[in-house]
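Asks: Here it is, the structure, as structure tokens.
Please treat every number below as a calculation from the coordinates, not as lab data. This is a predicted model, so every value here is computed, not measured.
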Amino acid sequence: MIKPEAVAAGHTGKIIDMIISNGYRILALKYTRLSQEEAGVFYAVHKERPFYGELVDYMASGPIYAAILEKDNAVEDYRKLIGATDPAQAEEGTIRKRFAESKAKNAAHGSDSDANAEIEGNFFFSGRERF
Ligand code: CMP
């Protein structure tokens, strides 16, 4: 996902360019907005964390882009490309270093495993929306 603050700030094109230039194929792409309930379901794994309410409010605060990306070793490499959760700790050249505002408003989300990529892809896309 490209998160609400990055979309609102007009960073979408540059972020997608970084993704494509780093060898990813976009299998599916959607401009959409999560309801509070949907954001809560998407991030249910963080339900017990102190930042859960803030995270859900924020992710429902404006439109986002959701995508399914394909590449060898995609999960691990994409997490390197987006950089650390906290942009203050993200390396130079990463998406979060360039575009994130804060630990919460951190520009982009990436799945943390192949299994979660499958679940998260199915959350946003039907079989007819991926090529
Ligand atoms: P993301 O990769 O989408 O996965 C969980 C999200 O929770 C994370 O990016 C941040 O947006 C948010 N998050 C993680 N840690 C914190 C924190 N300490 N304070 C606020 N938000 C956080």
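Asks: Looking at the chain, I'd like the Rg to Rh ratio, where Rg is from alpha-carbon atoms and Rh is Kirkwood's inverse mean 1/r.
Replies: 0.93
Asks: Could you derive backbone 3J(HN,Hα) for segment 7-23 from the dihedral phi with the Karplus parameters 6.51, -1.76 and 1.60 (θ = phi - 60°), listing whole Hz in sequence and x where the residue is Gly or Pro?
Replies: Ordered by residue, 3J(HN,Hα) equals 5, 4, 7, x, 8, 4, x, 5, 5, 5, 4, 4, 5, 5, 5, 8, x Hz.
Asks: Sticking with this structure for a sec: Determine ³J(HN,Hα), in whole Hz, for all residues of segment 72-78 in sequence, where each value follows from phi through the Karplus function 6.51 cos²θ - 1.76 cosθ + 1.60 and θ = phi - 60°; x replaces Gly and Pro.
Replies: 4, 6, 4, 4, 5, 5, 5
Asks: Something else about it: Could you pull out every residue, at least 5 positions away or on a different chain, whose amide H is within less than 5 Å of the one on LEU69? Hs are placed 1.01 Å off N in the peptide plane, and Pro or chain starts have none.
Replies: Sorted by chain and number, the residues that satisfy this are LEU27.
Asks: Going through the cross-link list LYS30/LYS80; LYS14/LYS47; LYS47/LYS97; LYS47/LYS71; LYS80/LYS105, which pairs have a Cα-Cα distance over 21 Å in this structure?
Replies: As for pairs spanning more than 21 Å Cα to Cα, those are LYS30/LYS80; LYS14/LYS47; LYS47/LYS97; LYS47/LYS71.
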